[in-house]
Structure formats: structure tokens, C-alpha cells
1. Please indicate, with yes or no, whether at least one residue in the stretch 341-355 is at pLDDT 95 or above, part of a helix (DSSP H, G or I) and under 21 Å from the mean Cα position of the chain (by Cα).
2. What residue, of 370, 374, 405, is over 18 Å from residue 219 (Cα atoms), touching a strand residue (DSSP E or B) at 6+ places or on another chain (Cβ under 7 Å) and at pLDDT below 95?
3. Give 108, 120, 140 a once-over and let me know the one that is farther than 28 Å from residue 224 by Cβ and modelled with pLDDT of 85 or more.
4. Which of the numbered conditions does residue 321 fail, given that it passes all the others? Conditions: (1) farther than 28 Å from residue 61 by Cβ; (2) crowded, with 22+ Cβ neighbours inside 10 Å.
5. Which residues, taken from the stretch 53-85, are closer than 23 Å to residue 178 by Cβ, modelled with pLDDT of 90 or more and more than 15 Å from the chain's Cα centre (by Cα)?
6. Determine whether the stretch 78-86 contains at least one residue that is over 21 Å from residue 355 (Cα atoms) and either in contact with a helix residue (DSSP H, G or I) (Cβ under 8 Å, 6 or more places away or on another chain) or buried (at least 23 other Cβ atoms within 10 Å of the Cβ) (or both).
7. In the stretch 1-59, which residues are within 21 Å of residue 91 (Cα to Cα) and part of a loop (DSSP other than H, G, I, E, B)?
8. Being assigned to a helix (DSSP H, G or I) and at pLDDT 85 or above is the filter here, so list the residues in the stretch 208-228 that pass it.
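The values are calculated or read from the model by the stated rules, or taken from the named source; none is laboratory data. Treat the numbers as computed from the prediction; the structure is a model and nothing was measured. When we count neighbours, we look across all protein chains shown, and the Cβ atoms used for this are built from the backbone with ideal geometry, even at glycine.
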């Protein structure tokens, strides 16, 4: 048996394969970003924004609960098995969308898509952290999230472009089936489990070699309210994905209502995750050098600025594109850094449950976003709804500035939270 070693260079083939798999995970979501809200209006005649965004609420609930279960179950069931299970859950999604006689079938398909994302994305995140060890954690997460949201960006832009010439539902169905099948084959035949790397890191660090992964109740309490830094990260993750839900579900409708074509909607829908994806490579490494807190606070405030610009844009394409770029920059600073901060704070065997709890709260942001954006848009219009979310985002950044404290990458706190 080959010696198990930690590090990016030492595990480059498997790390690269997981990067590719996560690009496919992102593509499954990206295919919906520029098409599904329009399908709701054009194919199913939905007129309420809240009704259109019901698919986001279903997706967020399924993904959040699956994240929680995957985090706690990863140590017992194995990372690779859960990754494969995630892709098996994705296979029926395009079929359900293809034959859907009503919008409720689309909502059901997005429940399965949430399970796919909760299992597959969670496992690619955790497995990359397992492989590289503590010193390159931010960089590894930057690469992982860059690949995932690069997949989101490319799929969103291409599906929007194709939807200008073909039926949006046909584009979504054919591409979704291809992505799910290829990713399942890669995961089943080429990905290897990383449990041995966890054992090596646990023994090498300042940790109890006999420590066991915490149970659900303990991990949930630690990540949700007991530890201030973890609590601050969880709320920031939730608000960040509330923003993403707005960008996914509301912005296409906002732009279309102001005269944008399907191709233009696809362009804006693709710019945001493209900047987000590329920027994470640099943000992750930067956070390894200067710490997590400055990037998280700055990222939340930049997102708030982007949403304020979008709210005041009246759907003007140039301003919307500028807002998309700024939103991508802010999210790039925050996204890998929050997961790295969670991983810094816990031991290797507690990593998967801790990340699972964080990802539960983060993806509950899709539920909150679907409800807040949908209901607010029906009552105060698109611009008003976006302005409300901008205010929430600024408040979230202030929360992190007050409560978050840097953590040692071996699991011990370096400094208390301070303003």
C-alpha cells in the first residue's frame, strides 16, 4: 500500500479529479440559473414571484438537511460512497423536468437536486481538505469553489445562450442528463476515499488520536450558537446564500421585466459566478496568509454595495453587469474563507460534522432568500426586494466584525473576537 501523505503536490491526481467532479456539481445548478425562472413563467404560466421561487425553497431545504446528514455520516459511511450517492440522486432530475405536467414536478426535481448538491459538493469540499492538510486549506478550498462556480458560470451562460434558439426546457434536460451521467462514472470508477488522510492528520497534529467525530446534537450546538466564531460564520453563510438565491431566482425576472433578452439574462447570470469562481482561487490563498476575518467582513460589505447598485439600476444592463461583477468579488472573498475558518476551529475528525452544520445554515439561505425575495417582490417590487437584502448583507458583515475571532489551523483559538 502506498504511503499516505498530506499536501497538494503529493495528492495532485486525486485533487485534480475532485476539482473536475466539483465543476460538474456546479454545472448542474448553473443550468437552471438562466432558464428555470423563465420556464416557470413561459411554460407553466406562473405570475407570482413567490410561486416561481418555490423551487428555490425546495432546493434549499433538501440541500441544507442533506449537508447536515452528510457531515455527520461521512466518517461512518465514507466520503466516496456519499459522493456516488449524490450523483445517483441527480440522475432523475432531468427526467422529471422533461415530463413535468405541472410546476410541482419541477419543485420535486429540485428536492432531488438539493440532495445531489448536499452530498456531492459537501464531499468534494471535505475530501480536498483531507488531502492537503492544514497549511494549504484556504488555497484548496479556493480551487474547489472556483471549479464549482466556474461550472455554474459556464452552464448558466451557455444555457441562456442556447435558450435564445431552442426551448429552455429542452436545453436544461439534455445538458443535465449528460452532466449527471459523466460525473457519476468519474466518481464511481476513479475517485478514492480519503479516510486514511484524516487519520494521518489527526495523529500528526496536536489532537487526541483516539478522538471520535462528534454526534449531530453536539456538532449542531457548537456550530449554531455555542461558539461565537462558528456562530458568526454560520449566519454569514446564510446571508451569503440568501444573496445567491436572489441572484438565481429574482434577477432573471427583474432583468426580463425591464426588457432584457434570454441571452442578456444569461450573460448577467454567468458573469456573477464567473468572477466569484475565479476570484476564489486568490481569496483562498490570501486568507491563508492574512487570516480569515478581513476577507469575510470586506466580502459581505462589497456584496451589500453590489445589491444596492442593482436595486437602483432599474434593470439597465450595464449597471446590472457591474453589480454582478461586484457581487462576484464579494462572494469570492467570503465563500472559501468561511469554510476554511470552520475547518481551522476544529480537529480533523470533527471537520466533516462541523462543515456539515455550517453548510446546513448556509444553504438555509436559499430557503430564506426564496421567501424574503419572493414575498418582498410581490409587495414592494423587484428593486425594493433587492434593497432589503442589501441591508441584511451589510448587517451580517457587521456581525462578523464584532463577534468573529481567528482560529489556529490546528484547532485552537489564537485571539478573542474583537471589533
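1. Within the stretch 341-355, not a single residue is at pLDDT 95 or above, part of a helix (DSSP H, G or I) and under 21 Å from the mean Cα position of the chain (by Cα).
2. 405
3. The match here is 108.
4. (2)
5. 80, 82, 83, 84, 85
6. no
7. 34, 35 - these are the residues of the stretch 1-59 that are within 21 Å of residue 91 (Cα to Cα) and part of a loop (DSSP other than H, G, I, E, B).
8. Listed by number, the residues that qualify are 217, 218, 219, 220, 221, 222, 223, 224, 225, 226, 228.
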